[in-house]
Each structure stands twice: as structure tokens, then as C-alpha cells.
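Engineer: Submitted below is the structure of interest, expressed as C-alpha cells.
The values are calculated or read from the model by the stated rules, or taken from the named source; none is laboratory data. Please read all numbers here as calculations on a predicted model, not as lab measurements. Don't worry about glycine lacking a Cβ; one is built from the backbone with ideal geometry, like all the others, and counts go over all protein chains shown. We work out accessible area using only protein heavy atoms, side chains counted, and drop any ligands, DNA or RNA first. Shrake-Rupley method; radii C 1.70, N 1.55, O 1.52, S 1.80 Å.
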Amino acid sequence: MATAAPHPPAPDALLADLDEAECWRLLEATELCRLAFVAPDGSPDIRPVNHLATGRSIYVRSAFDAKFLAITARSAVALEVDGESDDAYWSVVVRGEAEQVTSEAELHHVGVEHLASWTPTPKQFVVKIVAATVTGRVFPKRPRVSLPVYAVPLTEAARAQHRTERGERPSPIPHFEPPAS
């Protein structure tokens with residue numbers, strides 16, 4: 001399926017954020033993504049899956065396998081889809097909660113039965129990812145340049161500078177209750 005690419009950022013920009021509507025348009029126009037979740041042993045895992053994005057939710061068919069058991073046991077997941085056009089690369093990330101769909105009406109309403117797996121394994125179960133955050137970026141295509149890298153330890157000053165440049169809020173000061181008298 002060909003995906004219409006988002007507009008690239010201005011030529012002098014390194015990247016541009018995509019608005020949420022554009023992110024959903026790209027999610028709805030793609031079929032393959034990567035689903036990140038916490039494995040049963042507590043380590044991060046990621047798998048390619050095909051998906052159906054509709055109604056601010058993303059549906060994934062699954063076999064009764066380790067991935068299905070992991071995401072139904074620990075519902076926090078992330079999903080990433082990316083692509084490119086003639087003049088830009090783009091990426092969309094969704095963070096949210098996964099839940100097994102057990103309503104036949106919902107399955108038929110969204111049309112997930114028409115979502116055919118790219119693998120021959122039967123996929124009888126459906127998981128819905130309800131988005132908490134949806135973010136995206138677009139990067140203009142430029143000649144690739146390999147800049148020097150340095151083995152410099154990350155200092156607290158460098159972290160503070162990064163937070164300032166990115167506009168990130170500093171960590172809150174811990175609050176402790178007064179001691180009981």
C-alpha cells in the first residue's frame with residue numbers, strides 16, 4: 001500500500017514534528033509496524049506486526065503465543081511505524097495500553113477480520129492498542145554525513161543543557177511529609 005508522505009520540514013530545518021491528525025493519517029495508511037512490549041522475564045521486546053488503525057485505536061491480530069501472553073499480562077506497549085517519500089523520512093510512535101478484544105460486535109464494526117496476517121500462523125485473537133500519546137516527526141532527505149563521534153562521558157551539566165535546549169522540565173524536588181511529633 002503506497003503511503004502519502006507528510007510535507008517535509010523547511011529545507012533549513014533538521015526535523016519537524018507532525019501533528020496528531022497527520023500521525024493518525026500515516027498510521028491508517030500503513031500496514032506494518034513494530035510493537036514494543038515487556039516480555040515475561042521483564043526485558044523489553046519488539047516484534048513486527050501488521051495492524052489496522054481506526055477510531056484512535058490500533059488493532060493487531062495475534063496467535064496464542066509469547067507475544068500475546070506478554071501484552072495481555074503487562075498492557076503498556078509502544079508501537080512505531082515509519083516510511084519515506086522522495087524528499088523526506090517520517091516516523092510515528094504510539095504509546096498506550098493493550099487489551100484483548102472480546103466483543104464480536106467490535107471486531108465486525110472495525111473490520112479486523114479483513115486484516116490478513118503476513119505470516120502463515122493462524123491469528124485467532126485480536127489486541128487493541130488504545131493510544132495515550134501519539135507523536136511523529138518528519139526529516140528532510142539530505143546527503144548523509146558521518147560526523148565525528150567522541151567517547152565523552154555524559155555529565156549532569158550536559159544533561160541540564162539538553163533539558164534546556166529541548167525545553168524539558170527539570171525533575172521535581174522531592175516532597176517529604178513533616179515528621180510526626
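Engineer: Got a sec? Which of Leu79, Leu15 is under 18 Å from the mean Cα position of the chain (by Cα) and modelled with pLDDT of 95 or more? Before you say what the answer is, go through the steps one by one.
Structural biologist: Details: Leu15 fails: modelled with pLDDT of 95 or more.
Matching residue, one of Leu79, Leu15: Leu79.
Engineer: Identify, from the list Val101, Val126, the residue that is surrounded by 13 or more Cβ atoms within 10 Å (Cβ to Cβ), closer than 16 Å to Pro48 by Cα and modelled with pLDDT of 90 or more.
Structural biologist: Details: Val101 fails: closer than 16 Å to Pro48 by Cα.
None of the other options fit; the residue is Val126.
Engineer: Right, next: What number of residues within the range 28-38 satisfy the criterion of being under 14 Å from Thr54 (Cα atoms) and out of contact with any Gly (no Cβ under 9 Å at 6 or more places or on another chain)? Working first, answer last.
Structural biologist: In the first step, residues of the range 28-38 are kept if they are under 14 Å from Thr54 (Cα atoms); the result is 28-31.
Next, only the ones that are out of contact with any Gly (no Cβ under 9 Å at 6 or more places or on another chain) stay: 28, 31.
Counting residues in the range 28-38 that are under 14 Å from Thr54 (Cα atoms) and out of contact with any Gly (no Cβ under 9 Å at 6 or more places or on another chain) gives 2.
Engineer: Looking only at the range 132-161, filter to residues that are β-branched (Val, Ile, Thr) and open to solvent by 100 Å² or more (accessible area, probe 1.4 Å); which one of those is farthest from Asp87 (Cα to Cα)? Working first, answer last.
Structural biologist: Step one: filter the range 132-161 for residues β-branched (Val, Ile, Thr), giving 133-135, 138, 145, 149, 152, 155.
Going one step further and asking which of them are open to solvent by 100 Å² or more (accessible area, probe 1.4 Å), we end up with 145, 149, 152.
Working: Val145: 17, Val149: 27, Val152: 34 Å.
So the residue we want is Val152.
Engineer: Given the structure, is Arg56 on the phi > 0 side of the Ramachandran plot, touching a strand residue (DSSP E or B) at 6+ places or on another chain (Cβ under 8 Å) and touching a residue at least 40 places away in the same chain (Cβ under 8 Å)? Give the steps one after another, and end with the answer.
Structural biologist: Details: on the phi > 0 side of the Ramachandran plot: yes; touching a strand residue (DSSP E or B) at 6+ places or on another chain (Cβ under 8 Å): yes; touching a residue at least 40 places away in the same chain (Cβ under 8 Å): yes.
Taking the combined requirement at face value, the residue satisfies it.
Engineer: If you don't mind, there's one more thing I want to ask. Among the residues of the range 33-53 satisfying the criterion of being touching a residue at least 12 places away in the same chain (Cβ under 8 Å) and outside any strand (DSSP E or B), which is surrounded by the fewest Cβ atoms within 10 Å (Cβ to Cβ)? Even if it seems obvious, please write down each step before you answer.
Structural biologist: Of the residues in the range 33-53, the ones touching a residue at least 12 places away in the same chain (Cβ under 8 Å) are 33-40, 45-53.
This time we only want the ones that are outside any strand (DSSP E or B), so: 39-40, 51.
Numbers: Ala39: 16, Pro40: 11, His51: 23.
If we take residues in the range 33-53 being touching a residue at least 12 places away in the same chain (Cβ under 8 Å) and outside any strand (DSSP E or B), then Pro40 is surrounded by the fewest Cβ atoms within 10 Å (Cβ to Cβ).
Engineer: One residue is enough: does the range 62-75 have a residue meeting the conditions open to solvent by less than 40 Å² (accessible area, probe 1.4 Å), in contact with a helix residue (DSSP H, G or I) (Cβ under 9 Å, 6 or more places away or on another chain) and closer than 17 Å to Ala131 by Cα?
Structural biologist: No, there is no match, as no residue in the range 62-75 is open to solvent by less than 40 Å² (accessible area, probe 1.4 Å), in contact with a helix residue (DSSP H, G or I) (Cβ under 9 Å, 6 or more places away or on another chain) and closer than 17 Å to Ala131 by Cα.
Engineer: Further, regarding this structure: Take the residues of the range 77-115 that are in contact (Cβ under 8 Å) with a residue 12 or more places away in the chain and assigned to a loop (DSSP other than H, G, I, E, B): which is nearest to Arg34 (Cα to Cα)?
Structural biologist: Leu115
Engineer: Moving on to the next point. All but one of (1) acidic (Asp, Glu); (2) buried (at least 16 other Cβ atoms within 10 Å of the Cβ); (3) within 13 Å of Lys128 (Cβ to Cβ) hold for Glu22; state the number of the condition that does not hold.
Structural biologist: (3)
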